Every structure is written in structure tokens, then in C-alpha cells.
Amino acid sequence: QVQLAESGGGLVQAGGSLRLSCAASGSIFKINAMGWYRQAPGKQRELVAVVTSGGTTNYADSVKVRFTISRDNAKNTVYLQMNSLKPEDTAVYYCNVVGIIRSYWGQGTQVTVSS
């Protein structure tokens, strides 16, 4: 069993910042990529940012410059620092961790940006 514990979501005004965290625990032997996705009401889930085991990062165009993804391999934890938040960033944010055989999803954390 693998568990992903997400935290850090909430309500913030436009221009504000939030930091999401996702810690993986349980029977996960090796973690490859770790990432964040989001899903707004009525829209499909989309990639926000991903970081590989080697530290290579990739971002959605809409969040480049404003968001920063990082990981702490010793803690099996991935972070998403979100700055200059916009109302269109409002969504449920999901952590995704890729193991050897399969990937795992967190339960999601709500981020709401008010204008």
C-alpha cells in the first residue's frame, strides 16, 4: 500500500501565494517522477508541473515563472510553490507519484483564488 498525504491548499486572494506538499509513504520501492495536476470544475485534469528523479522539471505554459516544483528524495516529498496566483488557478490539485510498476494519486486539495 502506498499513501500520499497532501497539504497546503486553501483560499487566497489574487496575487497571493500557497505552497502544496505531498508526502509518499508505504510500500513504494523507488519513485521516478513526481508531479502535480489540477482539475477545475467542468474541465479535464491537466498537468501543472512534474519533476523527474534526476531533477528535470516541466511546467504547463500557464504556470511557468509563477510556480516552482521541487522534491526532497529523503522524505519522498514533492512541493509546489505557487506565486502570483490568479483566479483561473482555482482547482483541485492532485499529487501524482510514479513508481516502478504504476503511478499513485493523492486525494486532492482545493485551491481557491479570489479576485
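If you go through the range 65-77 and keep only what is under 14 Å from the mean Cα position of the chain (by Cα) and either assigned to a loop (DSSP other than H, G, I, E, B) or not aliphatic (A, V, I, L, M) (or both), you end up with ARG66, PHE67, THR68, SER70, ARG71, ASP72, ASN76, THR77. Of the residues examined, ALA23 is one that is in a strand (DSSP E or B), touching a residue at least 40 places away in the same chain (Cβ under 8 Å) and surrounded by 15 or more Cβ atoms within 10 Å (Cβ to Cβ). The single condition from (1) over 18 Å from GLY99 (Cα atoms); (2) within 14 Å of the chain's Cα centre (by Cα) that TRP36 fails is (1). Determine whether ARG38 is touching a helix residue (DSSP H, G or I) at 6+ places or on another chain (Cβ under 9 Å), closer than 21 Å to GLN3 by Cβ and either in contact (Cβ under 8 Å) with a residue 12 or more places away in the chain or basic (Lys, Arg) (or both). Yes. Filter the range 66-105 down to the residues that are open to solvent by 60 Å² or more (accessible area, probe 1.4 Å) and farther than 21 Å from GLY10 by Cα and list them by number. Those that are open to solvent by 60 Å² or more (accessible area, probe 1.4 Å) and farther than 21 Å from GLY10 by Cα: ASN73, ALA74, LYS75, ILE100, ILE101, ARG102. On the given criteria, is GLY108 modelled with pLDDT under 95, in contact with a Phe, Trp or Tyr (Cβ under 9 Å, 6 or more places away or on another chain) and surrounded by 15 or more Cβ atoms within 10 Å (Cβ to Cβ)? Against the criterion (modelled with pLDDT under 95, in contact with a Phe, Trp or Tyr (Cβ under 9 Å, 6 or more places away or on another chain) and surrounded by 15 or more Cβ atoms within 10 Å (Cβ to Cβ)), GLY108 does not qualify. Looking for something over 19 Å from GLN110 (Cβ atoms) and not in a strand (DSSP E or B) - is there at least one such residue anywhere in the range 33-47? Yes, the range 33-47 has at least one match. Suppose the filter is of a type in the set (D, E, K, R), under 19 Å from GLY106 (Cβ atoms), open to solvent by 40 Å² or more (accessible area, probe 1.4 Å) and at pLDDT 95 or above; does GLU6 pass it? For GLU6, the condition - of a type in the set (D, E, K, R), under 19 Å from GLY106 (Cβ atoms), open to solvent by 40 Å² or more (accessible area, probe 1.4 Å) and at pLDDT 95 or above - is not met. Pairs linking a residue in the range 98-115 that is closer than 11 Å to GLN3 by Cα to a residue that is assigned to a strand (DSSP E or B) and among the small types (Gly, Ala, Ser), with Cβ atoms under 8 Å and 6 or more positions apart or on different chains, are TYR104/ALA24; GLY106/ALA5. When VAL78, VAL63, VAL48 are checked against the criterion of being of a type in the set (A, V, I, L, M, F, W, C) and without any contact (Cβ under 8 Å) to a residue 40 or more places away in the chain, VAL63 stands alone in meeting it.
Here ILE31 meets each of (1) surrounded by 14 or more Cβ atoms within 10 Å (Cβ to Cβ); (2) at pLDDT 95 or above with one exception, condition (2).
The values are calculated or read from the model by the stated rules, or taken from the named source; none is laboratory data. Because the structure is a prediction, the values reported are computed rather than measured. Please note: Cβ atoms are built from the backbone with ideal geometry, for glycine as well, and neighbour counts cover all protein chains shown. Calculation scope for accessible area: heavy atoms of the full protein, side chains included, ligands and nucleic acids excluded. Shrake-Rupley method; radii C 1.70, N 1.55, O 1.52, S 1.80 Å.
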